[in-house]
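Taking it in order: structure first as structure tokens, then the write-up.
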Amino acid sequence: MSQLPSLIEGRTIEPTAIANARLLARLDSPDASLNEIEAVVRNDPSLAHRLLKVAADGSSNGLARRVRSLREAITLVGWRKLKDWVMLLSLSDPIDSFEAQFNSALLRAKLCESLTLLLLLQSA
């Protein structure tokens, strides 16, 4: 008989948060190429969609522009503004919901309670 795999529970990071972190790392790298930046953006559909919207709507004269590719969007926005925009996204997209934070606090409280009981038993 084969053994079923066991489930591992833990905290996960939203794909967009991972993509934002990867993109910021590449934008900070002095040897990053446009192809690398484009590949990171392309791997996250949400990030790609947002960037295309920003590039299309973000012209300085207020006119909407047709953007045909991620490469064009990155070029239109520019690396410096792209970096600022991704940092803003990272701050505005909450990684944890309130429920996840609450559950984490309860788990920590239970751990502290268990450790206290263990220490009391050992010292007695």
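The values are calculated or read from the model by the stated rules, or taken from the named source; none is laboratory data. Everything numeric here is computed off the predicted structure, so don't read it as measured data. As a convention, Cβ positions derive from the backbone with ideal geometry for all residues, glycine included, and neighbour counts pool all protein chains shown.
Values for this structure:
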quantity	calculated
Single unsatisfied condition, Ala32 versus (1) at pLDDT below 90; (2) outside any helix (DSSP H, G or I)	(1)
Pairs, first under 11 Å from Leu82 (Cα atoms) and crowded, with 17+ Cβ neighbours inside 10 Å in the range 28-54, second among the charged types (D, E, K, R) and at pLDDT below 95, C-beta under 7 Å, six or more apart	Ile37/Arg26
Yes/no for Asn103 being over 22 Å from Asn43 (Cβ atoms), assigned by TED's automatic domain parsing to the domain that holds Asp44 and modelled with pLDDT under 75	no
Only listed residue being of a type in the set (Lys, Arg), at pLDDT 85 or above and in a helix (DSSP H, G or I), chosen from Arg22, Arg68	Arg22
Conditions (1) at pLDDT 85 or above; (2) in a helix (DSSP H, G or I); (3) closer than 22 Å to Ile18 by Cα; number of the one not met by Leu120	(3)
